[in-house]
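**Student:** Take a look at this one; I'll ask things after.
Nothing in this text is a laboratory measurement; each read-out follows from the coordinates by a stated rule. Keep in mind that what you see is a predicted model, and the values were worked out from it rather than measured. Cβ atoms come from the backbone with ideal geometry, glycine included; neighbour counts cover every protein chain shown.
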Amino acid sequence: MQNDIEQQDIIDNLRSVDKNGTLLDILLEFEHVLDEQGIYAYKNWKKGEVAMGPKLTRHWLHVILMYPYLDMPNPKAGLRLIKLGCEVSFKRATLKTPKIVKSPEDLDARNKPKMNSEDVWLVDIWMPRKFVDEFTDEKVQVDDTDTLVNTQDLGQANSEGLDDETNLGQDV
């Protein structure tokens, strides 16, 4: 994890997540796991912002959350995540943001705004992917019983026309 993070990198990351609906769904599922584990009950965890990620590997989901330096999240919540099998680390870093240009002194030699530096905390979380891969499954009620249905398979069946009433009984 790096010591400096630029505001533009955070903005670029959020734009890429916004363009990709799957990444947004994964990020929402990540947040849901944090909520289910009671992480937001710990001091300052609600104040976090996604700085990087979500990045998926074969077995892991990687997300870096950023917090104001004076609002460090309670590390005890990280222990809950570690018990789940997550890897959690806290690191002090510097957020670089461009100055608001009011005079020529606010520009550097390349005529770009000089950068302000602000101390922040970065919480690096590696979560086992199994917790977020379940976002494609939903419990639905079928014949008064709760059945687990893979919504991807359901969507594929729909696109193939298998839900069409004229196809009922055709699989025999």
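**Student:** Which residues' amide hydrogens lie under 5 Å from the amide hydrogen of Met115, considering only partners 5 or more residues apart or on another chain, with H built in the peptide plane?
**Tutor:** Lys99
**Student:** Enumerate the amide H contacts of Arg129 below 5 Å, restricted to partners 5 or more residues apart or on another chain; note that Pro and chain-start residues carry no placed amide H.
**Tutor:** Trp60, Leu61
**Student:** Work out from phi, with θ = phi - 60° and the Karplus expression 6.51 cos²θ - 1.76 cosθ + 1.60, the ³J(HN,Hα) of each residue of segment 32-41, listed in order in whole Hz, and give x for Gly and Pro.
**Tutor:** 5, 5, 4, 5, 4, 7, x, 5, 6, 6
**Student:** ³J(HN,Hα) across segment 18-23 via Karplus (A = 6.51, B = -1.76, C = 1.60, θ = phi - 60°), whole Hz, x for Gly/Pro?
**Tutor:** 5, 6, 10, x, 5, 4
**Student:** Now for a separate question. Could you go through segment 111-128 in sequence order and give the Karplus-derived ³J(HN,Hα) for each residue, using 6.51 cos²θ - 1.76 cosθ + 1.60 with θ = phi - 60°, rounded to whole Hz, and x for Gly and Pro?
**Tutor:** 6, 10, x, 5, 9, 8, 10, 9, 6, 9, 10, 10, 10, 9, 10, 10, 10, x
**Student:** Right, here's the next one. Work from the charge dipole of segment 1-62 (Cβ charges, +1 for Lys and Arg, -1 for Asp and Glu, about the Cα centre) and give the residue of Leu61, Ser16, Val50 farthest towards its positive end.
**Tutor:** Among Leu61, Ser16, Val50, the one farthest towards the positive end of the dipole of segment 1-62 is Leu61.
**Student:** At 7 Å along the Cα-to-beta-carbon direction for both Ser16 and Thr57, put a label point, then send me their distance in nm to one decimal.
**Tutor:** Here the modelled spin labels are 1.6 nm apart.
**Student:** Further, regarding this structure: Given a Förster distance of 41 angstrom, what is the FRET efficiency for Asn3 paired with Ala41, based on the Cβ-Cβ distance and rounded to 0.05?
**Tutor:** Efficiency at R0 = 41 Å is approximately 0.85.
**Student:** Just list whichever of Lys76/Lys112; Lys46/Lys99; Lys76/Lys114; Lys46/Lys130 have alpha carbons separated by over 32 Å in the model shown.
**Tutor:** Result: Lys76/Lys112; Lys76/Lys114 exceed 32 Å.
**Student:** Moving on to the next point. Which FRET efficiency value, to the nearest 0.05, is calculated for Asp133 and Glu49 with the Förster distance at 25 angstrom and r the Cβ-Cβ distance?
**Tutor:** In this case the efficiency is close to 0.55.
**Student:** Just need the Rg to Rh number for segment 4-128, please, alpha carbons only, Kirkwood Rh.
**Tutor:** Across segment 4-128, the Cα-based Rg/Rh ratio is 1.04.
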